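Presented below is the structure to which this report refers.
The values are calculated or read from the model by the stated rules, or taken from the named source; none is laboratory data. Source: prediction; values computed, not measured. As a convention, Cβ positions derive from the backbone with ideal geometry for all residues, glycine included, and neighbour counts pool all protein chains shown.
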Amino acid sequence: MLDPTFRCRSCASPNVTLVLSFGRTPLADGLLTQDELTEPEIMESLDLVFCRNCFLVQITQTVPPEILFCRSYPYFSSVSKSLREHFAASATSIIDRYRVDRDSLVVEAASNDGCMLRNFVARGIPVLGIDPASGPVAKAQQDGIDTMCAFFTKDLARNLVAQDKRADVFLANNVLAHVADLNGFVEGFRTLLKPSGVAVIECPYLVDLIENCEFDTIYHQHLCYFSVTSLVNLFRLHDLVLADIERTSIHGGSLRLFVQLNGYPSERVLRLLDEEQQAGLNRPEYYRDFASRAENVRDRLVTMLRDLKRSGKKIAGYAAAAKATTLLSFCNIDTSVLDYIVDLNEFKQGHYMPGNHLPIHSPAKLQEAPPDYLLVLAWNFVSEIMQQQQGYRDAGGKFIVPIPSPAIV
Ligand SMILES: [Zn+2]
């Protein structure tokens with residue numbers, strides 16, 4: 001039963017249609033300590049809906065950020081080599097394209113440990129990072145990256161403008177989908193931008209999610225799932241222009257948006273809008289098909305795992321990623337199917353997955369108690385994982401990749 005008081009996060013229309021209900025789901029990244037296993041756990045419904053007015057796909061639940069982001073281990077962007085390289089290349093292209101120099105100001109919301117901004121600092125360009133996580137902010141400051149510990153809001157933008165701080169470039173990587181006050185965030189960067197400024201925003205692309213059946217990227221931290229159509233409608237509410245767009249392969253397929261106060265949409269924007277129209281992204285049938293494909297992946301994966309268990313095989317999971325919570329919960333996979341999960345992140349080792357209470361170990365466990373099969377829960381890094389685990393493969397170990405379609409490799 002959908003919450004009847006729900007209003008679209010972008011256009012405030014009550015006219016939303018249910019796409020897929022995941023039922024009551026534990027909070028992704030809500031890893032538990034041994035002591036917490038006996039305590040009551042937070043479970044929240046997870047319902048994906050489609051707005052028939054502005055075509056934004058979104059979940060209806062908003063878990064308060066202080067609950068959602070109170071992780072016991074810090075997340076540092078700079079730990080990931082592929083993210084570091086992605087940001088370095090992105091910064092260089094922005095500097096060249098917009099002639100960013102020592103007289104410019106680059107502001108980034110959700111700047112984490114300065115993984116992106118350090119590329120501007122290295123070229124002598126003034127920056128300001130804004131992030132609510134104290135650990136990564138302290139690391140950024142130590143490295144000489146001017147960063148304040150706060151959430152980016154409309155009010156914060158007004159305060160910065162009052163101090164004569166206006167942005168030539170505003171950056172927001174993988175944060176737009178997380179903000180509960182979507183319109184406040186957009187109005188905030190509109191306020192902060194100089195008339196000639198540009199906002200460069202990266203977010204996962206709905207079309208990649210739907211086409212590759214990446215249903216496990218739906219969890220409580222991700223409130224919105226953007227198409228180009230829904231973004232144009234959102235920016236139009238704030239008199240902003242989606243001037244250009246690029247598609248990138250990061251996080252299973254993302255968009256890089258270039259948003260300005262003036263100008264016109266590029267050919268690329270118009271082409272993507274046209275493609276979305278042709279594909280039917282503004283019609284509920286498109287989403288009904290996705291929901292039935294997701295259920296089909298679930299049923300086939302569960303059958304595959306049960307058959308392997310019945311023939312006496314041992315199965316473990318790889319990566320206690322946020323998306324693992326949705327996949328395991330939606331497929332009802334627990335300790336009767338998987339023996340344990342391994343993860344490279346030391347902060348996660350020794351903890352337990354929320355809901356199913358699967359223990360998380362170091363990958364060394366794969367040698368101590370080798371499974372016959374390894375279910376890859378971070379399928380977006382599958383080639384990296386298979387390389388790392390060459391020894392396990394050489395010893396005859398097999399991988400199960402669940403998305404876009406369950407396969408043994
Ligand atoms: Zn809407």
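Can you pull out the residues in the stretch 38-57 that are in a loop (DSSP other than H, G, I, E, B) and away from the ligand (no atom under 15 Å from the Cβ)?
Within the stretch 38-57, Glu39, Pro40, Glu41, Ile42 qualify.
Residues that are touching a Pro at 6+ places or on another chain (Cβ under 9 Å) and more than 30 Å from Gly280 (Cβ to Cβ): does the stretch 45-63 have at least one?
no
Could you tell me how many of the residues in the stretch 211-231 are of a type in the set (A, V, I, L, M) and surrounded by fewer than 23 Cβ atoms within 10 Å (Cβ to Cβ)?
Final tally of qualifying residues: 1.
Let me spell it out: the conditions are (1) at pLDDT below 95; (2) at positive phi, and Gly144 meets all of them except one. Which number is the exception?
Against the list (1) at pLDDT below 95; (2) at positive phi, Gly144 comes up short only on (1).
Is the stretch 255-277 home to any residue that is within 16 Å of Leu182 (Cβ to Cβ), without any contact (Cβ under 8 Å) to a residue 60 or more places away in the chain and more than 16 Å from the ligand (Cβ to nearest atom)?
Within the stretch 255-277, one or more residues are within 16 Å of Leu182 (Cβ to Cβ), without any contact (Cβ under 8 Å) to a residue 60 or more places away in the chain and more than 16 Å from the ligand (Cβ to nearest atom).
Somewhere in the stretch 20-28, is a residue more than 9 Å from the ligand (Cβ to nearest atom), in contact with a Leu (Cβ under 8 Å, 6 or more places away or on another chain) and part of a loop (DSSP other than H, G, I, E, B)?
yes
Looking at Val200, Val207 in this structure, which one is surrounded by 24 or more Cβ atoms within 10 Å (Cβ to Cβ), touching a residue at least 12 places away in the same chain (Cβ under 8 Å) and over 12 Å from the mean Cα position of the chain (by Cα)?
Selected residue: Val200, the only one of Val200, Val207 that is surrounded by 24 or more Cβ atoms within 10 Å (Cβ to Cβ), touching a residue at least 12 places away in the same chain (Cβ under 8 Å) and over 12 Å from the mean Cα position of the chain (by Cα).
Could you check the stretch 231-271 and list, in sequence order, the residues that are within 16 Å of Val57 (Cβ to Cβ) and modelled with pLDDT of 95 or more?
Once the filter is applied, which keeps residues that are within 16 Å of Val57 (Cβ to Cβ) and modelled with pLDDT of 95 or more, the stretch 231-271 yields Leu231, Val232, Asn233, Leu234, Leu255.
Results for (1) in the same structural domain as Asn380 (by TED's automatic domain parsing); (2) in a helix (DSSP H, G or I); (3) closer than 25 Å to Tyr225 by Cα, shown as yes or no for each residue.
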| residue | (1), (2), (3) |
| --- | --- |
| Arg268 | no, yes, yes |
| Glu276 | no, yes, yes |
| Ala294 | yes, yes, yes |
| Leu301 | yes, yes, yes |
| Leu305 | yes, yes, no |
| Lys309 | yes, yes, no |
| Ala320 | yes, no, yes |
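Looking at (1) crowded, with 19+ Cβ neighbours inside 10 Å; (2) at pLDDT 95 or above; (3) away from the ligand (no atom under 16 Å from the Cβ), which is the one condition that is false for Thr60?
In the conditions (1) crowded, with 19+ Cβ neighbours inside 10 Å; (2) at pLDDT 95 or above; (3) away from the ligand (no atom under 16 Å from the Cβ), Thr60 misses (3) alone.
Failed condition for Gln388, given (1) closer than 28 Å to Ala294 by Cα; (2) surrounded by fewer than 20 Cβ atoms within 10 Å (Cβ to Cβ), with all others met?
Among (1) closer than 28 Å to Ala294 by Cα; (2) surrounded by fewer than 20 Cβ atoms within 10 Å (Cβ to Cβ), Gln388 violates only (1).
What are the residue pairs meeting all of these: first residue in the stretch 1-23, first residue closer than 16 Å to Tyr225 by Cβ, second residue among the basic types (Lys, Arg) and within 14 Å of the ligand (Cβ to nearest atom), Cβ atoms under 8 Å, and 6 or more apart or on different chains?
What qualifies is Val16/Arg52; Thr17/Arg52.
Specify which of the listed residues (Ser230, Ser196) is in a helix (DSSP H, G or I) and either closer than 17 Å to Val106 by Cβ or small (Gly, Ala, Ser) (or both).
Every option except Ser230 fails the conditions.
Please indicate, with yes or no, whether at least one residue in the stretch 388-395 is part of a helix (DSSP H, G or I), under 30 Å from Glu44 (Cα atoms) and modelled with pLDDT under 95.
Within the stretch 388-395, none of the residues are part of a helix (DSSP H, G or I), under 30 Å from Glu44 (Cα atoms) and modelled with pLDDT under 95.
Which condition breaks for Met43 when tested against (1) surrounded by 13 or more Cβ atoms within 10 Å (Cβ to Cβ); (2) farther than 22 Å from Ala320 by Cα; (3) touching a Lys or Arg at 6+ places or on another chain (Cβ under 8 Å)?
The single condition Met43 does not satisfy is (2).
Pick out the one residue from Gly114, Gly135 that is surrounded by 21 or more Cβ atoms within 10 Å (Cβ to Cβ) and either in contact (Cβ under 8 Å) with a residue 60 or more places away in the chain or touching a Gly at 6+ places or on another chain (Cβ under 7 Å) (or both).
Gly114
To keep it simple, each residue is scored yes or no on (1) more than 24 Å from the chain's Cα centre (by Cα); (2) farther than 14 Å from Leu377 by Cα.
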site: Ser292; (1), (2): no, yes
site: Met304; (1), (2): yes, yes
site: Arg310; (1), (2): yes, yes
site: Ala320; (1), (2): no, no
site: Thr335; (1), (2): yes, yes
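Test Leu32 against the stated conditions and say whether it is surrounded by 15 or more Cβ atoms within 10 Å (Cβ to Cβ), at pLDDT 80 or above and out of contact with any helix residue (DSSP H, G or I) (no Cβ under 8 Å at 6 or more places or on another chain).
yes
With the requirement that a residue be within 12 Å of Ala319 (Cβ to Cβ) and small (Gly, Ala, Ser), what does the stretch 339-384 give you?
Ala378 - this is the single residue of the stretch 339-384 that is within 12 Å of Ala319 (Cβ to Cβ) and small (Gly, Ala, Ser).
Take Glu108 and tell me if it is of a type in the set (D, E, K, R), within 23 Å of the chain's Cα centre (by Cα) and surrounded by 23 or more Cβ atoms within 10 Å (Cβ to Cβ).
When the stated conditions are applied, Glu108 passes them.
Which residues, taken from the stretch 336-353, are in a loop (DSSP other than H, G, I, E, B) and over 22 Å from Val297 (Cβ atoms)?
Selection gives Asp339, Tyr340, Asp343, Leu344, Asn345, Glu346, Phe347, Lys348, Gln349, Gly350, His351.
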